[in-house]
Amino acid sequence: MGKKWAVAFLCLLWVMGCTAVPPAPVPSPEHLATPTPELLDTPTLASATTPAPDSGWKTVRPGLEQRTIRLFANDGRVQEELSIFRIDPAQYDFRVAYHPGAPQTLAQWQAETGALLVINGGFFTEEFVATGLTVVEGQASGQSYGEFAGMFAVTAVGPEVRWLGTRPYSPGEPLQFALQSFPMLVKPGGQIGYPEEDGESGRRTVIAQDGNGRILFILAPWGSFTLHELSIWLVESDLNLDVALNLDGGTSTGLHLADPETVIPAFTRLPTVITVSPKN
């Protein structure tokens, strides 16, 4: 009897296995529904995270204004951030400081001169000697550039930016401070100064003078401008520039404002700088 019951039990198990409901098939990935995220309209968040394209002029102190202009690429990214300082020469003194062969950081120059504002100067050699004419406290050194260049000069009348093509340097002129650089980005009368495109972009520093005689420092430290592009931008801007001169750029581009402290770092030490201090 035991053997018969065992055989019967095994037969029952076989029948149950054959009639069991098979497991439900697992759907393949391509048949799975992927939830689509809901796009929310959040204009407040967008305006809070997107930087303003133009800060407008803000008074840092009487006679000194600051402005930030951001330029955007086609995909909405900030491509360049220009820092612009506009200075009334009736309220500020301009000087050139120069240590041939003994360069310093902008912070060191500021500490040494006590200036409110320090900006990088013109081009220099590997030995940290200026390649163009430099005048400090009435003493000239170096050779003057030709008509392709320009000069920032300070006389008893005040500061000026000039093109050497129309007003070349004369050894007898009474300059208190001066430095030369190139090329001209805006020629007198607001004309394009660099019409040829070389395709080389880089960090830029510009010193300019507007139609009201104010001096402007314009820095484009993100390295997006070619000289030709910057020349066109300056002419087409609302800065009312009469003349603009390219200073040394690349690793030299930099500015140090002591109060309130604002720093655009230069990535090398500098033998020549332009300083700005309130008149006594």
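At a glance:
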{"read-out": "Selection status of L230, surrounded by 24 or more Cβ atoms within 10 Å (Cβ to Cβ) and either in contact with a Leu (Cβ under 8 Å, 6 or more places away or on another chain) or assigned to a helix (DSSP H, G or I) (or both)", "value": "yes"}
{"read-out": "Count of residues meeting criterion [crowded, with 17+ Cβ neighbours inside 10 Å and of a type in the set (G, A, S)] in segment 78-122", "value": "5"}
{"read-out": "Filter result (aliphatic (A, V, I, L, M), over 19 Å from P89 (Cα atoms) and crowded, with 20+ Cβ neighbours inside 10 Å) within segment 137-189", "value": "A149, L164, M184, L185, V186"}
{"read-out": "Residues being surrounded by fewer than 17 Cβ atoms within 10 Å (Cβ to Cβ) and under 28 Å from R77 (Cα atoms) - total across segment 204-221", "value": "0"}
{"read-out": "Residue within segment 235-250 that is on the phi > 0 side of the Ramachandran plot, touching a residue at least 40 places away in the same chain (Cβ under 8 Å) and of a type in the set (G, A, S) present", "value": "yes"}
{"read-out": "Pair list, Cβ < 7 Å and 6+ apart or interchain, from segment 104-129 residues that are within 9 Å of V273 (Cβ to Cβ) to residues that are in a loop (DSSP other than H, G, I, E, B) and among the polar types (S, T, N, Q)", "value": "N120/T253"}
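Bear in mind these aren't lab numbers, they're just calculated from the coordinates by the rules spelled out. It should be emphasised that the depicted structure is a prediction, and the values quoted were computed from it without experimental measurement. When we count neighbours, we look across all protein chains shown, and the Cβ atoms used for this are built from the backbone with ideal geometry, even at glycine.
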